Amino acid sequence: MRAAAVLVALMLAAGAAGAQQRADVDGPWRATLDLAGGALRFHIELSTTDGRLAGRLCNADACDPFSSVTRFARDSVVLDLADYAAAIRARVTGDSLVGFYRNVGNRGPRTIPFRAARGAWPAEPPVAALVGRWDATFNPAERPSPRVLEFRGTARGLEGTIISNSGDYGLFWGRAEADSFSMAHFDGSFVYMLTGRLAGDTLEGLFHAGLRTQTPFVAVRSTGRPHLTAPTEVVRADTTDRFTWAFPSVAGKLVTSDDPRFQGKVVIVDIIGTWCPTCHDAAPAMVDLYRRYRDAGLEIVGLAYEVTGDTAVDGALVRRYRDKFGIEFPLLLAGVNDGQSPGETQPQLSGPIAFPTTIFLDRSGRVRKVHAGFYGPATGAAHEALKREFVETVRKLLAER
Amino acid sequence: MRLAALALLVPALAFAQTPPDLAAERADYTRWLETSPGSPFAGLYHQFLHDDLVFGPGGDPALAELPPATLRQERRRLVLRTADGTRTVPRNHDVPLGGFHIRVAGERGNAVVTVFGTPRDAVVPGWYPYAAEVVVDGTLEPPSRPESRRMLGLDGVTIEASHAGTFVGAVAGQAARLTVFRMPEPGTEESELMIFFRDETNGRGTYPPGRFLALRPLGGDRYRADFNRARNPFCAYNGIFPCPLPWAGNAIAAAIEAGEKYVAK
């Protein structure tokens, strides 16, 4: 009896000591989301600065900060992704984190099991036969739709992206083993994984979205012939009249195509949304163009199609986007993106409007080129080529008098 | 004393069998129903948008407590006019109006408006004890020809679902063939392989029109139908939501005492 009492006292003491001492979570973590179709790998980095815990979520070398990292109780941590109404909640036990990734849709919360261990995933050399550009067909049996797969070998392993008619799906990172591969993109909102194998000259596999959506695909090595609709052919523009717009800025001031600042200038009208990851990829290129060519006669205006239609809420999102990228050109609240409104408010454009859509106007205000989507940094050479193409287009239009 | 201990032990044992992920999923779902501003518990109004929808006094009586406003379909755009001005309303997203929320969902030309207020005191979901024997692994036979059909989803909104095939497995000891439709999640690349089924518990413990179950892929043509995860359509929680009609052929001739119960008010 006395022994039992001593044991209980010891356990209580141990518990009290534990309560005062939280396990340190700083450092790199190799993280996993357990999808129905396999393990989606990514990285988390946590660090404490001046007593404040913060963290980043990484796919290969592309990292985004968590909006906050909070410890609570003795052994729990919440990695918040406020932009996406999502969070990772986990229990800290020794060298592991175990919990859930959770987001909320209109039909209730959705969770995906999450786990992490200390350290980084090993970089595994990619299989040479997979590297390159592949023309893919998603959902070939039910509803075929084209994609391009770009695979690269890097020091971190197999990297690449998926490109559709309206842009890319962000950076995918993963590994290959013999003739099979698995790579993923998880940015806090989109949960994507691409798995497959090389069967002769054909890639066959599954595109995974969320916990359990699986879309089959087949792909053959790119011949160089266009597989996707050319980005300059997706959206058509009326070129007979000047391109016009009139929308309020985030400061509430109406900005129109008749304003003196745009007259006689080469103008880029950039259709964006702060919710659109590809637009985030494109923003630095626009900032760079503006810095380099503003004095030579370039103006840029961003038309934001936001989520709520509420000026206060949308304005705050657009201001944060402006500050994040150091955007010096005006951003206007053009409407909401419900798949229809951009077309309604842009009567001079036809065809589905991609996000982003970049419209180049000459000095007379007429549309000379419309580029749908953007090849982000994940597309490597295509990204560099597109940035050069934008620069060349601007220089050519500036040279016209 | 001994009886009391037993009474404590029995539910603990029953609960202990529920896998932790399922227990967490159910707790999270219940919390969402009880607290989310867009939960079916908070639904006040759910109708097709035909002409102008007038909120506030003088409008639809169900919406008299809302601030005065008008929602109108202008060409393909939805426009909300309030005392503060005019704004475009996005689809599938909750828009605040006074202390309320408005959501427009559904296909073009068949827009459905749902208005949410304060979550009311609805009956929280009840669940049968976990039953390992109704975790059914089976195969999905592809359909003989592609087919899509407009049908009501869990939330009473019409969607275009595609026939994904027939789930074949042993349910309650008998061979079952259940029709599966792929139901898209608007605005994402995600979809669910859904079975809307009826069984002999309907009206005697479960919701009379039947329940929904999402298949989990196991690789290849193998799929898991875990009837412990069977869920009620939103009409079970709140009479404003229309109820999906049972799908032909998906009646199981057994009592599936698993998943969500129907707890009438």
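The values are calculated or read from the model by the stated rules, or taken from the named source; none is laboratory data. Treat the numbers as computed from the prediction; the structure is a model and nothing was measured. No Cβ is skipped: glycine too gets one built from the backbone with ideal geometry, and neighbour counts run over all protein chains shown.
Below are the figures for this structure:
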quantity: Residue list for the stretch A:256-293, filter: among the small types (G, A, S), within 23 Å of A:D83 (Cα to Cα) and not in a helix (DSSP H, G or I); calculated: A:G273
quantity: Selection within the stretch B:211-253 - at pLDDT below 95 and among the small types (G, A, S); calculated: B:G219, B:G220, B:A236, B:G239, B:A248, B:G249, B:A251, B:A253
quantity: Set A:D295, A:D310: member being loosely packed, with under 13 Cβ neighbours inside 10 Å and without any contact (Cβ under 8 Å) to a residue 60 or more places away in the chain; calculated: A:D295
quantity: Where B:H163 falls short, out of the listed (1) within 9 Å of another protein chain (Cβ to nearest Cβ); (2) in a strand (DSSP E or B); (3) closer than 15 Å to B:W247 by Cβ; (4) not aromatic (F, W, Y); calculated: (1)
quantity: Elements of type strands (runs of 3 or more DSSP E) in the stretch A:41-135, at least 1 residues being crowded, with 20+ Cβ neighbours inside 10 Å and at pLDDT 95 or above; calculated: A:52-59, A:68-72, A:76-81, A:86-93, A:96-105, A:108-118
quantity: The stretch B:57-85, residues that are more than 14 Å from chain A (Cβ to nearest Cβ), of a type in the set (G, A, S) and under 26 Å from B:G109 (Cβ atoms); calculated: B:G59, B:A62
quantity: Any chance A:D258 is more than 14 Å from every other protein chain (Cβ to nearest Cβ), surrounded by 19 or more Cβ atoms within 10 Å (Cβ to Cβ), farther than 30 Å from A:A141 by Cβ and of a type outside the set (A, V, I, L, M); calculated: no
quantity: Failed item, numbered, when A:L203 is tested on (1) touching a strand residue (DSSP E or B) at 6+ places or on another chain (Cβ under 7 Å); (2) within 14 Å of chain B (Cβ to nearest Cβ); (3) not β-branched (V, I, T); calculated: (2)
quantity: Residue that is nearest to the other protein chains (Cβ to nearest Cβ), among those in the stretch B:24-50 that are loosely packed, with under 15 Cβ neighbours inside 10 Å and free of Cβ contacts under 8 Å to residues at least 12 places away in the same chain; calculated: B:R31
quantity: Selection from the stretch B:166-199 of residues that are outside any strand (DSSP E or B) and in contact with a helix residue (DSSP H, G or I) (Cβ under 8 Å, 6 or more places away or on another chain); calculated: B:A172
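Yes/no matrix, rows are residues, columns are (1) under 21 Å from the mean Cα position of the chain (by Cα); (2) more than 14 Å from chain B (Cβ to nearest Cβ):
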site	(1), (2)
A:V269	no, yes
A:A282	yes, yes
A:A285	yes, yes
A:L298	no, yes
A:A304	yes, no
A:D314	yes, no
A:V336	yes, no
A:P347	no, no
